[in-house]
């Protein structure tokens, strides 16, 4: 098994649509050979939000590192 170090500070941040902050992929095929998973970091400023959507063929894990959140579940 190989070990791959990913320096998340060096990952390119891209402005996401609307007011959904900046995002950087930290886990994907190009960075470490991941075939069935994509890991992303997201930075939100005050007033920005993330609208996470579920789909039958994928899963999302959302982990808040600092700050405050309001979670609204829409079905």
Only helices counted: for the chain, with every DSSP H run of 4 or more residues adding -39500 (n - 2.57) and the sum spread over all residues, [θ] at 222 nm is -1000 deg cm²/dmol
Mean-position separation - Cα centroids, region 53-71 and region 1-40, in angstrom:
16
Mind sorting out which of [x] -0.23, -0.70; [y] -0.49, -0.89; [z] -0.35, -0.98 is the real log10 I(q)/I(0) by the Debye sum over Cα atoms at q = 0.11, 0.19 Å⁻¹ computed from the coordinates?
[z]
Calculate the FRET efficiency for residue 13 and residue 71 from the Cβ-Cβ distance with a Förster distance of 22 Å, rounded to the nearest 0.05.
0.40
Ranked from highest to lowest mean number of other Cβ atoms within 10 Å per residue, what is the order of the peptides 31-41, 63-73?
31-41, 63-73
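Every number in this text was worked out from the coordinates using simple rules, so none of it is lab data. Computed from a predicted structure; not experimentally measured. So basically every Cβ, Gly included, is an ideal-geometry build from the backbone, and we count neighbours across all protein chains shown.
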